[in-house]
Structures are given as structure tokens and as C-alpha cells.
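Visitor: Sharing a structure below in C-alpha cells format, with a few things to ask.
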Amino acid sequence: MTCKDFLKELTDYLDDALDQSTRTELEEHLQWCHNCYVICNTTKKTIEIYRDSTLYELPDDLRGRLRSAIMTKCRAKKPSTSGA
Amino acid sequence: MGAIQKVNEPVPMTEETVLVNAAKAGDVGAFEELVRRYDRNVFRIAQHITQNREDAEDVVQDAFLKAYENLPQFQMQSKFYTWLVRIAVNEALMKLRRRRPERMVSLDEEVRTEEDSMPREIADWSPNPEQQYNQAELKDILGKTIQGLPPSFRTVFVLRDVEGLSTEETAEALNLSIPAVKSRLLRARLQLRERLNKYFKARKGGDSNK
């Protein structure tokens with residue numbers, strides 16, 4: 001397996017979506033290729049940092065205002081009860 | 001080095017189906033429960049795509065209102081959340097197009113070639129690199145970094161890796177093929193990694209995790 005082949009499979013590897021034989025090949029490549037090891041490790045960390053971040057959390061006061069505005073508009077619409 | 005853990009386990013379909021059916025039948029309270037359940041997710045997705053707080057607020061309102069109006073047409077062949085995300089992404093992209101009329105904004109665009117995502121700098125990071133920064137600094141770094149990605153890449157990244165949708169759900173929500181989702185996701189992940197290098201790489205003489 002070349003480094004280019006490794007990169008092509010990286011997303012499926014990180015998502016645990018590979019068949020066992022491809023996974024084994026990738027892990028063998030990681031044993032000796034330091035560059036791919038680093039790319040794999042830092043890409044995984046990138047995902048974890050974004051996933052665990054509190055970027056763009058909806059503040060409680062804004063959340064309340066938005067919900068109130070949405071529900072006021074919905075009630076004014078008088079929901080359609082037809083199955084369309 | 002294991003796989004990324006799955007997040008945001010889906011709510012039991014039965015409970016959600018009851019709520020959606022009630023809302024379809026005109027129960028506004030049931031719809032309000034759906035709003036409570038997903039407003040944070042819709043806001044996060046909208047802000048990631050539009051990169052503008054006011055636009056994200058508008059998208060939350062418009063997306064839920066549109067979902068409410070179109071509930072009678074929702075056939076429940078997909079999860080309510082996937083259907084809602086599709087509406088929210090479309091609203092967010094419309095906002096983005098209005099703000100950037102000079103630039104074509106589309107999820108279908110193939111942005112440059114694969115070469116733009118090939119790793120250039122290969123440096124290991126410190127262990128727990130995010131701990132080098134306080135919360136505000138880290139948010140600033142992550143916000144600026146993701147803002148630099150093309151909209152089609154950051155949309156796929158936020159749905160898959162931040163919101164935890166499956167590849168199939170992401171493809172359905174964005175009306176893309178599964179290979180297109182995977183291709184954009186790989187490139188988004190690699191580009192973010194490359195851009196974060198300058199903040200997180202291990203300093204000389206410092207700790208290294210290998």
C-alpha cells in the first residue's frame with residue numbers, strides 16, 4: 001500500500017467503515033510509515049476537537065426568543081390538518 | 001489508533017414518530033417539542049454554513065417555519081431530523097448566496113482538484129493540543145479555520161463530524177451521492193488538519209505524542 005492509497009481510505013478507516021482485510025493493510029502501513037501515522041493521528045484529533053468544541057452554541061436567552069418567535073408564527077398559521 | 005466514536009445517538013424512532021404524527025395532526029405543542037429537540041443543532045449548522053450570527057438566527061426561524069408549513073407533505077420515509085436538516089441547509093445556502101452574489105455557492109461544485117487536500121506539512125501535535133489555549137482562543141481558532149473551507153466542504157464536515165449524521169443521512173440531507181459525501185469529507189478533514197497545524201504542532205523541545 002502506498003501513502004496515496006492510504007489517504008484514499010483514511011476517511012473510511014477513521015469511520016470504522018472498512019472491511020477487515022483493507023483495515024489490516026492500512027494498519028500494517030501505519031506500522032512503518034511515520035508520515036501517514038502522523039496524518040492519521042492529527043486528522044483524528046482534528047475531528048475530535050471540532051466535535052467536542054462548544055463552537056456556535058445557542059445561548060439560552062436567544063434560544064428562548066427564537067422559539068417564542070417560531071411558535072407565534074406557527075400558531076398564526078393555523079396548522080393544516082389535511083394529509084395533503 | 002481506533003475509529004472516531006459515534007455521537008448524537010438518534011432518539012428512539014417510536015417517540016419521534018408519535019411527536020411528528022401529532023404535529024402533522026395540528027398539535028402545536030408537539031411541534032414545539034420538536035423545535036426544543038433540534039433548535040441547537042439547526043443553529044450550529046446554520047452558523048457553520050453562513051458564518052454570520054444574524055443569518056443563522058433567521059435560518060433557525062425560517063427552517064422551522066417551513067418545516068411546520070410542509071409537515072403535511074412529509075411522508076416519514078426519512079427521519080424528521082434529516083428532513084429538517086435538508087430544509088435548514090437550503091435556507092442557509094440561500095442566505096450565503098445573498099451575501100456573496102459574486103461567488104457561486106453550490107453543494108455540487110467540485111472545488112479545485114484533489115491536490116488542494118494533499119498534506120503539505122507533516123508535523124506531529126502536542127498531546128491535547130487544544131489545552132494550549134483558553135476556551136475563547138480555541139473557539140476563535142476553530143471558527144477562523146473552518147471559515148476558510150469552501151461551503152460545500154464545511155457543510156459536509158459539520159453534518160458528519162460535528163452533528164454526527166451518518167454518511168447516508170448526510171447524502172440524503174444534501175442530495176449528494178455517497179461517494180461525493182466521502183470525497184468532500186476527506187478533503188474537508190485534511191484541509192482542516194493542515195490549517196490547524198500552525199496552532200497545534202509540537203514545539204521544538206516540547207512534548208511529542210510519538
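Visitor: Among all residue pairs at least 6 apart or on different chains, which show Cβ distances below 6 Å where the first residue, located in the range B:150-161, is over 17 Å from B:Leu84 (Cβ atoms) and the second is of a type in the set (Val, Ile, Thr)?
Guide: B:Pro150/B:Val111; B:Pro151/B:Val105; B:Arg154/B:Ile146; B:Val156/B:Val181; B:Asp161/A:Ile47
Visitor: Follow-up. Collect the residues in the range B:43-59 that are free of Cβ contacts under 8 Å to residues at least 60 places away in the same chain, closer than 13 Å to B:Leu93 by Cα and of a type outside the set (Gly, Ala, Ser), keeping them in residue-number order.
Guide: Going through the range B:43-59, the residues free of Cβ contacts under 8 Å to residues at least 60 places away in the same chain turn out to be B:43, B:46-47, B:50, B:52-59.
Pick out the ones that are also closer than 13 Å to B:Leu93 by Cα and you get B:46-47, B:50, B:52, B:55-56, B:58-59.
Correct list: B:Gln47, B:Thr50, B:Asn52, B:Asp55, B:Asp58, B:Val59.
Visitor: Could you check how many residues of the range B:13-50 are polar (S, T, N, Q) and crowded, with 20+ Cβ neighbours inside 10 Å? Can you show your working first?
Guide: Taking the range B:13-50 as the starting set, the residues that turn out to be polar (S, T, N, Q) are B:14, B:17, B:21, B:41, B:47, B:50.
Then keep just the ones that are crowded, with 20+ Cβ neighbours inside 10 Å; that gives B:41, B:47, B:50.
Number of matching residues: 3.
Visitor: Need the failing condition index for B:Val181 against (1) under 17 Å from A:Glu48 (Cα atoms); (2) open to solvent by less than 10 Å² (accessible area, probe 1.4 Å), just the number.
Guide: For B:Val181, the exception is condition (1).
Visitor: In contact (Cβ under 8 Å) with a residue 12 or more places away in the chain and in contact with a Ser or Thr (Cβ under 8 Å, 6 or more places away or on another chain): is that true of A:Leu14 in this structure?
Guide: Numbers: in contact (Cβ under 8 Å) with a residue 12 or more places away in the chain: yes; in contact with a Ser or Thr (Cβ under 8 Å, 6 or more places away or on another chain): yes.
It is true that A:Leu14 is in contact (Cβ under 8 Å) with a residue 12 or more places away in the chain and in contact with a Ser or Thr (Cβ under 8 Å, 6 or more places away or on another chain).
Visitor: Continuing with the same structure: Return only the number of the condition from (1) part of a helix (DSSP H, G or I); (2) small (Gly, Ala, Ser); (3) under 25 Å from B:Thr155 (Cβ atoms) that B:Ala22 does not satisfy.
Guide: So B:Ala22 meets the others, but not (3).
Visitor: Here's another thing I want to ask about it. Out of A:Ile47, A:Ile70, I need the residue that is under 30 Å from B:Asp27 (Cβ atoms), hydrophobic (A, V, I, L, M, F, W, C) and facing chain B (nearest Cβ under 7 Å). Which one?
Guide: Details: A:Ile47 fails: under 30 Å from B:Asp27 (Cβ atoms).
Testing whether each residue is under 30 Å from B:Asp27 (Cβ atoms), hydrophobic (A, V, I, L, M, F, W, C) and facing chain B (nearest Cβ under 7 Å) leaves just A:Ile70.
Visitor: Ok, one more. So is A:Lys8 touching a strand residue (DSSP E or B) at 6+ places or on another chain (Cβ under 7 Å), surrounded by 13 or more Cβ atoms within 10 Å (Cβ to Cβ) and farther than 30 Å from B:Val28 by Cα or not? Before the answer, list the steps.
Guide: Numbers: touching a strand residue (DSSP E or B) at 6+ places or on another chain (Cβ under 7 Å): no; surrounded by 13 or more Cβ atoms within 10 Å (Cβ to Cβ): yes; farther than 30 Å from B:Val28 by Cα: yes.
Criteria not met by A:Lys8.
The values are calculated or read from the model by the stated rules, or taken from the named source; none is laboratory data. This one's a predicted model, so the numbers in the text were calculated from it and none came from an experiment. Cβ sites come from the backbone with ideal geometry, for glycine too, and all protein chains shown count toward neighbours. We work out accessible area using only protein heavy atoms, side chains counted, and drop any ligands, DNA or RNA first. Shrake-Rupley method; radii C 1.70, N 1.55, O 1.52, S 1.80 Å.
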